[in-house]
Amino acid sequence: MKIKVYDKHISIRKPPLNATEKNFKFFAHELKKEISSSYYLIEKKVTLINETLISFRKLRLFTKYTHFPNIKKIDIFKLALKNFLISIKKKETIQKGIWILDDKASNYYHWLLDSLQRYILIPNKYKNFPILIPKNYENKWIIDQLNFLNIKYKVLNKNTRIKVKKILIPSYSAQTGNFNTNILLELRNLFLERANIKHTKNMSSRIWVDRVNVRRGISNRDEILKVLKKYKFEILQFENYSIDEVINIVCNANVLAGPHGSGLANMLFMSKNSKVIDIREKNDDFRNALMSMASGLDLDYYCLNSTVLNKENESVYLDPRSFENDLEEILK
């Protein structure tokens with residue numbers, strides 16, 4: 001059974017506040033976007049093996065809800081066959097569950113802004129169903145956030161053929177990198193209602209999301225840190241904090257800045273009209289998800305240019321003088 005939640009509609013986004021006539025072309029195609037309809041499925045007697053969902057009654061693999069579209073069909077078939085064969089000796093049955101994960105869910109951004117938004121589509125009468133978490137997805141922030149939100153979940157045994165008598169499978173709330181604003185705001189409220197927010201003058205109002213030894217780090221980090229300290233930024237690595245701590249930090253900030261990446265997704269917890277500064281590769285016309293998100297949250301979004309030095313880990317060089325001039329203009 002397929003239950004529609006939202007019809008498809010047009011989303012209008014705001015461009016970066018520092019967009020110029022010269023670079024406007026990199027954002028123009030994202031300012032008006034059709035957002036796909038969203039829904040959830042109610043299925044019975046679905047078999048779950050690791051990250052594979054199979055209905056033997058319908059001879060159906062639910063790959064649309066477990067894997068990003070770019071995975072090849074032959075690879076999906078091989079994965080399903082492998083999971084089927086390794087689970088022959090171990091079988092379980094559970095009564096009910098919700099499936100919101102895909103093969104990108106171990107990434108913080110995709111968990112927060114793809115998977116959890118899928119959960120928002122589930123109506124309250126089914127919120128007593130646990131989210132089903134394969135063992136290999138049992139990482140720090142997924143469990144931390146589910147516990148924080150008081151959402152029921154069940155970690156599944158690995159390599160086990162699990163028959164789920166009744167399962168709810170929500171669609172994506174929008175194409176990844178895009179947002180249904182109603183769902184985005186509902187997710188934001190879900191977190192803020194649970195948070196014990198303490199507004200204090202001692203907390204920094206300007207946060208730099210530091211990326212060390214990861215993709216999209218700043219190659220000339222030491223030079224940039226000197227500029228950031230001059231403008232009284234606090235340098236933080238969000239992976240070292242609990243979700244409650246992250247919410248408190250971000251709620252008290254009026255500027256969130258850093259290299260393009262998952263850390264900036266925490267703008268979800270910022271107050272309206274706060275500023276987001278996204279350090280992106282020069283001439284990038286593809287990675288506009290954070291711009292779209294900031295627009296939906298009514299935040300002031302700025303895009304600053306960097307130059308890719310290493311294509312393998314996407315580390316970038318940020319010109320210190322240009323960066324300082326940009327900060328001077330944005331923060332005045």
Item checked: Among ALA28, ALA105, ALA294: highest mean-square fluctuation, GNM of the chain, C-alpha pairs under 10 Å -> ALA28
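Rounded to the nearest 5, what % of the DSSP beta bridges within the chain are antiparallel ones?
On the way: 24 of 55 bridges.
Antiparallel bridges make up about 45 percent of those DSSP assigns within the chain.
How much area per residue is accessible in the stretch 214-332 when the probe is 1.4 Å and only protein heavy atoms are counted (Å²)?
On the way: 5300 Å² over 119 residues.
Heavy-atom SASA per residue in the stretch 214-332 reads 45 Å².
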Notebook entry, point to check: Restricting the count to DSSP beta bridges whose residues both fall in the stretch 46-203, what percent are antiparallel, rounded to a multiple of 5?
Noted result: 40
Notebook entry, point to check: Counting alpha carbon pairs within less than 8 Å and at least 6 residues apart, what relative contact order, in whole percent, applies to the stretch 48-167?
Noted result: 37
Check: Once amide H atoms are placed 1.01 Å from N in the peptide plane, what residues at a sequence separation of 5 or more from LEU304, or on another chain, have their amide H within under 5 Å of its amide H?
Finding: ASP278, ILE279, ARG280
Notebook entry, point to check: Just ASN159, ASN180, ASN139 to compare: in a GNM of the chain, with alpha carbon springs under 10 Å, which one fluctuates most?
Noted result: ASN139
Item checked: Gaussian network model of the chain, springs between alpha carbon atoms under 10 Å - residue of LYS45, LYS58, LYS229 with greatest fluctuation -> LYS58
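Only four residue types carry charge here, +1 at the Cβ of Lys and Arg and -1 at the Cβ of Asp and Glu. Report the dipole size of the chain about the Cα centre in Debye, rounded to the nearest 20.
Working: 57 positive and 35 negative charges, 430 e Å.
With Lys and Arg at +1 and Asp and Glu at -1, about 2060 debye.
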Checklist line | the stretch 227-332: GluC sites (Glu not before Pro) in DSSP loop, at most 15 other beta carbons within 10 Å | finding: GLU312
Next item on the list: Report, in deg cm²/dmol and to the nearest 500, the calculated mean residue ellipticity at 222 nm for the chain, where each DSSP H run with n ≥ 4 adds -39500 (n - 2.57) and the sum is divided by the residue count.
Entry: -7500 deg cm²/dmol
Check: Once the other residues with Cβ under 12 Å from the Cβ of LEU236 are scored (Lys, Arg +1; Asp, Glu -1), what is the net sum?
Finding: -2
Check: In the stretch 45-174, with Lys and Arg counted as +1 and Asp and Glu as -1 at Cβ, which of these residues, ILE71, ILE88, THR160, has the Cα nearest the positive end of the dipole, that is, farthest along it?
Finding: ILE88
Checklist line | Rounded percent of accessible protein surface that carbon and sulfur make up, the chain, 1.4 Å probe | finding: 49
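In percent, how large is the relative contact order of the chain, given Cα pairs closer than 8 Å and 6 or more residues apart? It would help to have the intermediate numbers written out before the result.
Numbers: 606 pairs, mean separation 63.6, N = 332.
Value for the chain: 19 percent.
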Note to self: On C-alpha positions alone, give me the angle between the axis of helix 73-86 and the longest principal axis of the chain, in degrees, nearest 10.
What the structure shows: 60
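Relative contact order, percent, of the stretch 102-220 when contacts are C-alpha pairs under 8 Å separated by at least 6 residues?
On the way: 77 pairs, mean separation 31.5, N = 119.
Reported relative contact order: 26 percent.
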Margin query: From the protein chains alone at 1.4 Å, what is the descending order of accessible area for THR52, THR176, largest first?
Written below: THR176, THR52
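The values are calculated or read from the model by the stated rules, or taken from the named source; none is laboratory data. Every value quoted in this text rests on a predicted model; they were computed, and no experiment measured them. No Cβ is skipped: glycine too gets one built from the backbone with ideal geometry, and neighbour counts run over all protein chains shown. Areas reflect the complete protein model, heavy atoms only, side chains present, ligands, DNA and RNA absent. Shrake-Rupley method; radii C 1.70, N 1.55, O 1.52, S 1.80 Å.
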